[in-house]
Amino acid sequence: MKKLYFVLLLLVAYLAPQAVIEANMGRNTLLFVPLDNRPVCLDYTVESMKAAGWNVETPPLEYIASNDHSGDPDKLYAWLAERSATANAIVVSSDALIYGGLVDSRTHHLPKETLTARAERLLNLKANGGDPLIYVFTTIMRSPKASSAPVEPAYHAKWGPKLFKLGALEDKLDLKEISRRERKELAALQAEIPQAIQADSAQRRSMNIATTELLLHGVESGDFDYLLIGRDDTAPYSQAHKEARKMDILVRELPKERIRFFSGADQLGMVLLSRAASRVSYEIPMVYVDFAAGKGGETIPTYEDDKIAFSAAEHIHAAGGWPTEKLERADLVLAVNTPLTGVTLEASNPVNDGTISKQTEAFVADVQSYLHKGKEVAVADVAYGNGADNALVKELFQTGVAEELAAYGGWNTAGNALGFALGQGLLAKDMEVEDRQHLLNVRYLDDWAYQANVRNKTYVELIWPNYWPNSELNTEQVQAAEAVITKDILTLAEPVLGERVKEYTFTLPWKRMFEVEVNKK
């Protein structure tokens, strides 16, 4: 089946020279509705596409979810409907078009009738004319171990960890893998957690799953050219994993060339925009994957429930590429930096101290060899969660490899980092040298300097001593934090990246410590 699909795609490319000419002449308009306005979901993604020569149009910011307001599904759909006939492809977040955004998908109190109507409206997007490719990405509601308002219902502040444990045990019960002791623990949690909280969580999850199942009809009918389902923050045993298993039964009945289902959420827009670029250009990039020594592709990263080898292959297909085991055929090498033991600790863990191991040296040496063979290389740094591997970044710069990469990603979850690095890596061939360098600068300053180092330093030196919250900072707190962050990033990164670090600003757009926005002055 895979061979047949590959041959058919090549045949389409061969028989459509006029379409290729039109694409190369500037028929390259893509409409994009992101999850929300976080930098990785909106600015960084759009900037990557534009650097590769694509005209990406996005809705007015006031329609898109932000830290202080929900997105407006009605206005977002009206904006799409008005412009769809002018676009080659449309890439949209169903969470934005149905709930208002990712956070709203977890916290809403919308009636089922409203959700159904919005899902059916999305299924009719092609009826607006122009016959653009329709790519939709959606998410399975996450199962966080610990989180609270405003990104979760307020009761998560008290009950979040116990709700996670409840879901994990219910998943084990469903799988018939639960022990006698765990059955008692499950009964105790069911009695302890207020029934109103359990009911609210269960009802919202149930409605979200039912709405996602409606979207599957878009794959069957051809109303969607591609549907990408992401599992946001999950674990091998969790409520999200339980729901994903049941969803996977339905997904398997649909043609794999038009649907994929894997871990992650924030990278999905980048992945599908990369797919749109490949399809509009009638290209099928071949991707060779290499893992660091040790557990390698067998690693199941924190916050995820799949082996990273499976996730990498699924991301490649979703991004419009094709995995190859033959290096000579590869248009891009995806080098995945996995932990030696297969255990992904947090980047803030003291063991992430920058000590270069033989494993790191060997991994970078492999990357060097691919570069010397003339291959484009994207590095997905997933050895740690929520930030870069300090030893890897140190070795990349010491060997001069850091600035020769097509892309680098080392932020948040493994899927987030892998998907973003892959998407940027596939686009890099069409970028000017200075644009590629700028995108690399942003990733090193964000994923390495801030996420792996300065964020935790700011917690220790400013946030916690003053008893400030991690999120919902007030204006004065944001300004104070940004000043400290800027000073510490300059101190850390300038000796490595040089004077160019002074060309960038570092802000907290969502008034929380979780993410920084890196912008050129």
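The values are calculated or read from the model by the stated rules, or taken from the named source; none is laboratory data. Predicted, not measured: the structure shown is a model, and the values here were computed from it. With ideal geometry, Cβ positions are generated from the backbone for all residues, glycine too; neighbour counts draw on all protein chains shown. To get the accessible areas, we keep the full protein, side chains included, count just its heavy atoms, and leave off ligands, DNA and RNA. Shrake-Rupley method; radii C 1.70, N 1.55, O 1.52, S 1.80 Å.
Rolling a 1.4 Å probe over the heavy atoms of the protein chains gives the stretch 201-324 an accessible area of 32 Å² per residue. A straight line joining the Cα centroids of the stretch 256-305 and the stretch 353-367 runs 24 Å.
Ignoring lysines fewer than eight residues from Lys520 along the same chain, the ones with Cα atoms less than 29 angstrom from its Cα are Lys50, Lys375, Lys394, Lys429, Lys457, Lys487, Lys502, Lys511. Put a dot 7 Å past the Cα of Lys373, heading toward its Cβ, do the same for Lys358, and the two dots end up 2.4 nm apart. The length gained on full extension between Phe397 and Phe310, counted as 0.36 nm times the residue separation minus their Cα-Cα distance, comes to 28.4 nm.
Here's how it looks for Ile140: its modeled amide H is under 5 Å from those of Gly230, Arg231, Asp232, which are all 5 or more places away or on a different chain. In the chain, the DSSP beta bridges split such that about 10 percent are antiparallel, to the nearest 5. Here's how it looks for Tyr504: its modeled amide H is under 5 Å from those of Lys521, which are all 5 or more places away or on a different chain.
In whole percent, how big is the carbon plus sulfur part of the accessible area of the chain, probe 1.4 Å, protein atoms only? Ligands and nucleic acids excluded, carbon and sulfur give 53 percent. Given the alternatives (i) 4, 19, 30, 28, 15, 4, 0; (ii) 4, 16, 24, 22, 13, 9, 7, 4, 1, 0, 0; (iii) 3, 9, 9, 8, 8, 9, 11, 10, 8, 6, 5, 5, 4, 2, 1, 1, 0, 0, 0, P(r) over Cα pairs in 10 Å bins from 0, in percent as computed for this entry is given by (i). Of the GluC sites (Glu not before Pro) found in the stretch 175-267, those in coil by DSSP whose Cβ has at most 16 other Cβ atoms within 10 Å are Glu177, Glu253.
Classification of the stretch 178-257 by its C-alpha gyration tensor yields a prolate form. The axis ratio a/c (a ≥ b ≥ c) is 1.5 or more, and a/b outweighs b/c. When Tyr288, Tyr370 are compared by accessible surface with a 1.4 Å probe, the order from highest to lowest is Tyr288, Tyr370.
What is the calculated FRET efficiency for Thr505 to Ala188, with r their C-beta to C-beta distance and R₀ = 60 Å, to the nearest 0.05?
Details: r = 50 Å, r/R0 = 0.84.
For Thr505 and Ala188, the calculated efficiency is 0.75.
Distance between the pseudo-spin-label points of Lys162 and Thr114 (7 Å out from Cα toward the beta carbon): 3.0 nm.
Stretching the chain fully between Lys176 and Ile197 yields a gain of 5.0 nm (0.36 nm per residue, less the alpha carbon separation). Taking amide H as placed 1.01 Å from N in the peptide plane, Thr29 has its amide H under 5 Å from the amide H of Asn88, each at least 5 places away in sequence or on another chain.
Dipole magnitude of the stretch 403-521 about its Cα centre, charges +1 at Lys/Arg Cβ and -1 at Asp/Glu Cβ only, in debye to the nearest 20? Charge dipole of the stretch 403-521: 200 debye, to the nearest 20. When the label point is put 7 Å from the Cα of Val460 along its Cα-to-beta-carbon vector, which residues of the stretch 342-379 have a backbone N closer than 19 Å? Residues passing the 19 Å test: 345-356. Each of Ser221 and Ala127 was given a label point 7 Å from its Cα along the Cα-to-Cβ line. The distance between the two points is 0.8 nm. Given Cα pairs under 8 Å that are at least 6 residues apart, what percent is the relative contact order of the chain? Reported relative contact order: 12 percent.
I'd like the distance separating the alpha-carbon centroids of the stretch 69-113 and the stretch 457-481, in whole Å. Answer, in whole Å: 33. Mean sequence separation of contacting Cα pairs (under 8 Å, at least six apart), scaled by the length of the stretch 51-157, corresponds to a relative contact order of 27 percent. Computed on the stretch 111-189, with alpha-carbon pairs under 8 angstrom and 6+ residues apart, the relative contact order is 17 percent.
The heavy atoms of Asp74 present about 80 square angstrom of accessible area, all protein chains included, probe 1.4 Å.
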